[in-house]
Every structure is written in structure tokens, then in C-alpha cells.
1. For the stretch 1-120, with all protein chains present and a 1.4 Å probe, just round the carbon and sulfur fraction of the accessible area to a whole percent.
2. If you wrap a convex hull around the C-alpha atoms of the stretch 75-185 and split its volume per residue, what is the figure in Å³?
3. Running Debye on the stretch 116-244 with equal point scatterers at the Cα sites and no solvent, what base-10 log of I(q)/I(0) appears at q = 0.11, 0.13, 0.17 Å⁻¹?
4. What GluC sites (Glu not before Pro) does the stretch 88-185 have in DSSP loop regions with at most 13 other beta carbons within 10 Å?
5. Which chymotrypsin sites (Phe, Trp or Tyr not before Pro) from the stretch 140-225 combine a DSSP loop assignment with at most 11 other Cβ atoms within 10 Å?
6. Take the chain, compute every pairwise Cα distance, and split them into 10 Å bins from 0; I just need the percent in each bin.
7. Between Arg52 and Asp68, what length comes free when the chain is fully extended (0.36 nm per residue of separation minus the Cα-Cα distance, one decimal in nm)?
8. Count the net charge of all other residues whose Cβ sits under 11 Å from the Cβ of Gly216, scoring Lys and Arg as +1 and Asp and Glu as -1.
Amino acid sequence: MEPMSEQTIALVTGANKGIGYEIAAGLGARGWSVGVGARDAGRLEAAVGKLRAGGADVFGVPLDVTDDASVAAAARLIENRAGRLDVLVNNAGVTGSRQQAPTTVDPETVRTAVETNVIGVIRVTNAMLPLLRRSASPRIVNMSSSVGSLTLQSTPGTEVGPISAAYAPSKTFLNAVTVQYAKELSDTSILINAGCPGYCATDLNGFRGTRTPEQGAAIAIRLATLPDGGPSGGFFDDNGPVAW
Ligand SMILES: NC(=O)c1ccc[n+]([C@@H]2O[C@H](COP(=O)([O-])OP(=O)(O)OC[C@H]3O[C@@H](n4cnc5c(N)ncnc54)[C@H](OP(=O)(O)O)[C@@H]3O)[C@@H](O)[C@H]2O)c1
């Protein structure tokens, strides 16, 4: 059997644009081998080309987080290429349609947000876990949002985005799932945390965010590079822990 590479192997979902692209660029700049996950072949190829032109060691991973077969194929691709996975960044996310007020929301809008932002994370994480378990220091980062903080949502006067029964609660759900994974994996070397990138200018919000996608990527990179013994089951942004 070939000896496994000492180069750190990472996978970032939804890495063809926005914050995910910058996470891939940032991890690539550390000399890591980075799998660029994207669901569209053309967008994947374009992102891989651009990241390589910037000097990053990246490889394309066709990956739709809502599709079992696609996720299984992505795990096989990484297994064949690297034999293991050190870092998984679950970044892919959607907001869903604009109409998200609880009293009028189309249930499909809720289903779509949960399918991608929560079930997609579970699907990808569980498919990658056998590969992550082969790493000495596995890290899982779930890109969440402070809009999922029930503390902030219920604090009068705090600005936490539009009233929503879909996107914001999907991030609350994701945070809860992150805690449950951390509990189950507490006797392993896997550290799993949720991160909030802040309000970044991306397609997700019509580029209205006030931070750059690169700034948003910083928390994911920090959680992806936590030392052994670091926190697990937490929720962090650039300023430290975010209230649940
Ligand atoms: N921007 C912000 O202010 C902000 C704030 C808090 C949290 N976040 C979170 O940060 C993460 C990245 O968001 P962003 O702002 O960078 O948004 P973005 O520019 O819209 O990028 C989202 C990425 O997810 C991908 N994606 C969506 N559905 C997918 C699926 N089913 N399978 C695979 N990939 C899929 C998109 O691919 P396509 O190009 O194919 O659509 C795209 O690559 C999300 O989880 C988001 O909730 C963002």
C-alpha cells in the first residue's frame, strides 16, 4: 500500500464562489490539498482553474449535498485520491425564497433550507466520517450563522436579519446538530464546531453584506486549524463564542 501523504487534505462544500471559495483559497495558501466541492460542472471547473492560477493545490469534487449518489461519489473520489480526509468544511448553504415569514411561508421553502443546510451537512459528514477517522487530527467546520442564535433572535433591539421560518431556524437546527455530533464523537480526536462568518457580500444576500467573503472565511480557517485538545461542539465568530 502507498504511504499516505503528509499534506493535509481538506474538502470544502459549495466552494465555487463566495465564502466557500475563499475558504478553499485560504486553506490552499497553507499548502494543503483542497477538494473544491461544487454541484455544477462548469462552475466547478472555473473555480478550480482560478484557484490553481493563484497557486493553490486544489482538485475538483463534483458534489451536490442534497444528493446521496453525488455525496457517495465524492467520498469515493477523495478515498481514491488521498485515502483519508483531515478537514471537512460544510459550507454549502441556501437561503431559499424571500417569503419566509412564519405565518405565510410555503412549507417547501422550509424544506429546501433544511434539506441543504442541515440534512446536507449530515449526509456529507456521515459519508466522509470513515475518511476523517483515518486522520490523526480530524476537524469538521459547519458554516452556520448568528441568525440561528435564539439568544440574539430573542434579544430586543438586536439586528439578526429578516423574520424567517426557514433560513434562520435551519441554522439553529444546524447548531443543535453540531452539538450532538460533538457529544457522540467526544471520545475521538475529531473536533466539530459551528462558525459564523458575519454579514458578507455574496450571492446569498444580493451582495449587501458589509464584510468581504475573505473576511468571512477567516473563522472557518481558524476552526479548521484548531490544535489537538481545542474546543468541540462550540459556535464561534471572529470575536469568540456566539450565544446559542
Ligand atoms: N454571506 C453571509 O453574509 C453569510 C452569513 C452567515 C452565514 N453564511 C453561510 O456561509 C455559507 C456560504 O454562504 P455564501 O454567503 O458564500 O453564499 P453563496 O455565495 O450563495 O455560496 C453558496 C455556495 O453553496 C453552494 N450550494 C448551494 N446548494 C448546494 C448544494 N445542494 N450542493 C452543493 N453546493 C450547494 C452554492 O453553489 P451554486 O453556485 O451551485 O449555487 C455556492 O457554492 C452558507 O452556509 C451561508 O449560510 C453566509
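1. Working: 2890 of 5790 Å².
Heavy-atom surface of the stretch 1-120 belonging to carbon and sulfur, 1.4 Å probe: 50 percent.
2. Here the figure is 110 Å³ per residue.
3. After summing over all Cα pairs, the log10 values are -0.38, -0.53, -0.90.
4. On the way: sites: Glu108, Glu115, Glu159, Glu184; in loops: Glu159.
For GluC sites (Glu not before Pro) across the stretch 88-185 that sit outside H, G, I, E and B with at most 13 neighbouring Cβ atoms in 10 Å, the list reads Glu159.
5. Working: sites: Tyr167, Phe173, Tyr181, Tyr199, Phe207; in loops: Tyr199, Phe207.
Here the chymotrypsin sites (Phe, Trp or Tyr not before Pro) that fit, given the DSSP loop and packing criteria, are Phe207.
6. Percent of Cα pairs in each bin: 8, 34, 39, 16, 3, 0.
7. Working: separation 16, 0.36 × 16 = 5.76 nm, distance 2.84 nm.
Gain on stretching Arg52 to Asp68: 2.9 nm.
8. Neighbourhood net charge equals -3.
The values are calculated or read from the model by the stated rules, or taken from the named source; none is laboratory data. Nothing here was measured: the structure is a model prediction, and the numbers come from that model. Cβ sites come from the backbone with ideal geometry, for glycine too, and all protein chains shown count toward neighbours. Calculation scope for accessible area: heavy atoms of the full protein, side chains included, ligands and nucleic acids excluded. Shrake-Rupley method; radii C 1.70, N 1.55, O 1.52, S 1.80 Å.
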